[in-house]
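Here's the structure we're looking at; comments come further down.
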Amino acid sequence: MISFSSRLADETKYLRASEIRDLLKLTEGKNVISFAGGLPDPSTFPTEDIKKIIYDVLDTYSSQALQYGTTSGVTLLRKALVDFSSLRGITGITEDDITVTVGSEEALYLIFNTLINPGDIVIVEAPSYVSALNILRARRPELIGIELTQEGMNLDKLEEVLKQLKNEGKTVKLLYTIPTAQNPGGVTMPLENRKRLLELASEYDFVIVEDDAYGFIVFDGESPPALKALDKEGRVLYLGTFSKILAPGFRLGWLIVQDRNYRRVIEMLKASIDLHTPTLTQYIAAEAIRRGIIINNIPKIRRIYKEKRDAMLKALEEYFPKDAEWSKPIGGMFVFAWLPKKINTTDMLMKAMERGVAYVPGAGFYPDLSGTNTMRINFSYPKIEEIQKGIKILGDTIKDELSR
Ligand code: PMP
Ligand code: G9A
């Protein structure tokens with residue numbers, strides 16, 4: 001066999017494997033309680049409704065739904081998404097502002113690859129979504145992490161950094177944030193902070209990429225309006241996804257971009273990757289919105305995840321060492337934990353897996369790969385009994401490490 005790895009394009013050396021993807025492969029089919037991937041609870045999938053829709057879509061739209069489509073996406077779906085966006089407070093847009101993508105992951109790829117040059121300054125939350133950071137890393141920007149607080153990104157710290165960069169004659173190109181039920185922290189930025197972040201963006205003239213993956217998955221209190229809802233300058237690029245509110249297997253996300261010329265660039269890159277997002281799933285999703293299936297399913301998703309979140313926090317209190325700390329998520333799918341500095345969660349992973357539990361080591365969630373004593377623990381997928389059992393095993397594993 002000839003070797004391809006000796007013939008690689010230079011750019012490939014900046015690619016980084018996702019811990020989440022690797023773990024998904026490692027735990028598949030094994031008898032392991034997985035707190036690793038952010039998999040939705042399959043009982044939240046509206047399977048019977050989807051079955052009916054598939055038949056109806058094929059009866060009504062087969063000549064379009066099985067055909068090639070436009071790069072921006074199926075008009076029926078983009079129109080439905082205009083209405084759907086208003087549930088997150090986003091108004092004043094038309095279907096032309098929407099591009100349908102293969103998951104919001106593709107939207108992240110399209111944005112970062114069309115806006116970021118090597119050396120550009122990009123601000124992210126620390127910790128942030130590892131797969132977004134990996135796309136960014138391949139662009140070789142100067143990544144600056146701003147610590148995450150219970151109220152989202154620490155804006156005092158952000159302002160300090162912005163001032164300092166300005167004094168050095170540097171400008172920030174882009175800020176990436178998950179302001180609602182953040183992955184991995186589970187925290188939400190209150191309305192006042194959202195307004196302040198937009199003011200800072202305006203004053204220092206940078207672009208905001210708002211990843212609203214968990215905008216509908218807030219179970220304590222109300223979900224604040226999206227940053228995009230407060231954006232008067234078209235400065236916010238907004239990403240939505242069907243993965244958490246319908247099913248990730250559809251691989252459907254969407255992007256709101258109000259600058260027509262920029263949208264054209266995005267579409268050129270998208271067309272060079274996949275021509276367009278699969279048409280059949282777009283018709284199914286449009287119908288799921290139109291029939292109210294998604295909106296009617298959200299209370300059930302929130303109820304199930306809230307119950308699991310509560311079970312996880314209770315188990316952590318009971319089984320984790322007293323000097324560990326963890327986030328108190330108000331939504332989303334994850335708890336993020338800070339363990340005593342002595343613990344290296346990457347080194348500990350194999351030991352935990354041997355005992356039957358998996359988690360995601362936290363370092364990859366930090367732009368500088370610090371956070372070696374942190375871990376992300378998913379609560380949406382495991383059953384309540386598994387949460388109790390698995391957190392006990394994980395707590396025992398940590399305690400054994402500490403006593404070594
Ligand atoms: N952004 C965030 C914050 C996520 O957590 C995820 C997946 N969990 C994604 C983007 C990508 O999801 P998808 O491609 O399924 O929309
Ligand atoms: O675990 C997550 O954050 C979501 C899932 C990502 C993936 O499957 O790669």
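If packing is taken as the mean number of other Cβ atoms within 10 Å per residue, what is the order of 2-13, 156-167, highest first? All intermediate terms of the calculation are to be shown ahead of the outcome.
Values: 2-13: 7.4, 156-167: 14.6.
Top to bottom by mean Cβ count within 10 Å: 156-167, 2-13.
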For this session: Once you have the Cα-Cα distance between Glu317 and Asn117, take 0.36 nm times their residue separation minus that, and quote the gain in nm to one decimal.
Result: 67.5 nm
For this session: Determine, at each q value in 0.08 (inverse angstroms), the log₁₀ of I(q)/I(0) that the Debye formula gives when each Cα of the chain is one equal point scatterer.
Result: -0.43
Exercise. Straight-line reach from Lys270: which aspartates and glutamates have Cα under 17 Å away, leaving out those fewer than 8 places along the same chain?
Worked result: Asp96, Asp97, Glu105, Glu106, Asp259
Exercise. Of Ser62, Ser128, Ser34, which is the most mobile in a GNM of the chain whose springs link Cα atoms less than 10 angstrom apart?
Worked result: Ser62
Seminar exercise, completed: Looking only at lysines whose Cα falls under 17 Å of Lys341's and that sit 8 or more positions away or on another chain, we get Lys322, Lys399
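Over 27 Å between Cα atoms: which of Lys30/Lys51; Lys157/Lys392; Lys306/Lys389; Lys157/Lys351; Lys25/Lys351 fall into that group? Present the calculation step by step, with values, prior to reporting the outcome.
Values: Lys30/Lys51 29 Å; Lys157/Lys392 36 Å; Lys306/Lys389 18 Å; Lys157/Lys351 37 Å; Lys25/Lys351 17 Å.
Among Lys30/Lys51; Lys157/Lys392; Lys306/Lys389; Lys157/Lys351; Lys25/Lys351, the Cα-Cα distance tops 27 Å for Lys30/Lys51; Lys157/Lys392; Lys157/Lys351.
State the antiparallel share, in %, of DSSP beta bridges confined to the stretch 47-294, rounding to the nearest 5. Intermediate values should be presented prior to the final figure.
Numbers: 10 of 28 bridges.
So the antiparallel bridges in the stretch 47-294 amount to around 35 percent.
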Exercise. Cα centroids of the stretch 79-157 and the stretch 206-241: how far apart, whole angstrom?
Worked result: 10
Exercise. Using bins 5 angstrom wide from zero, how does P(r) for the stretch 292-404 break down, in % of all Cα pairs?
Worked result: 2, 12, 22, 24, 18, 11, 6, 4, 2, 1, 0
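Residue separation times 0.36 nm, minus the C-alpha to C-alpha distance between Phe4 and Glu151: what's the value?
Length gained, Phe4 through Glu151: 48.2 nm.
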Problem set entry | Residue order, fewest to most beta carbons within 10 Å, for Val236, Val265 | Val265, Val236
Problem set entry | CD proxy at 222 nm, helix term only [per DSSP H run n ≥ 4: -39500 (n - 2.57); per residue of the chain; nearest 500] | -14000 deg cm²/dmol
Exercise. Roughly speaking, what is the stretch gain from Gln67 to Asp22, that is 0.36 nm per residue apart minus the C-alpha to C-alpha distance, in nm to one decimal?
Worked result: 12.8 nm
For this session: Report the dimensions of the stretch 243-333 along its three principal axes from the alpha-carbon atoms, largest first, rounded to Å.
Result: 53, 33, 23
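Read the figures in this text as sums done on the coordinates, not as results from a lab. Keep in mind that what you see is a predicted model, and the values were worked out from it rather than measured. Cβ: placed from backbone, ideal geometry, glycine included. Neighbour counts: every protein chain shown.
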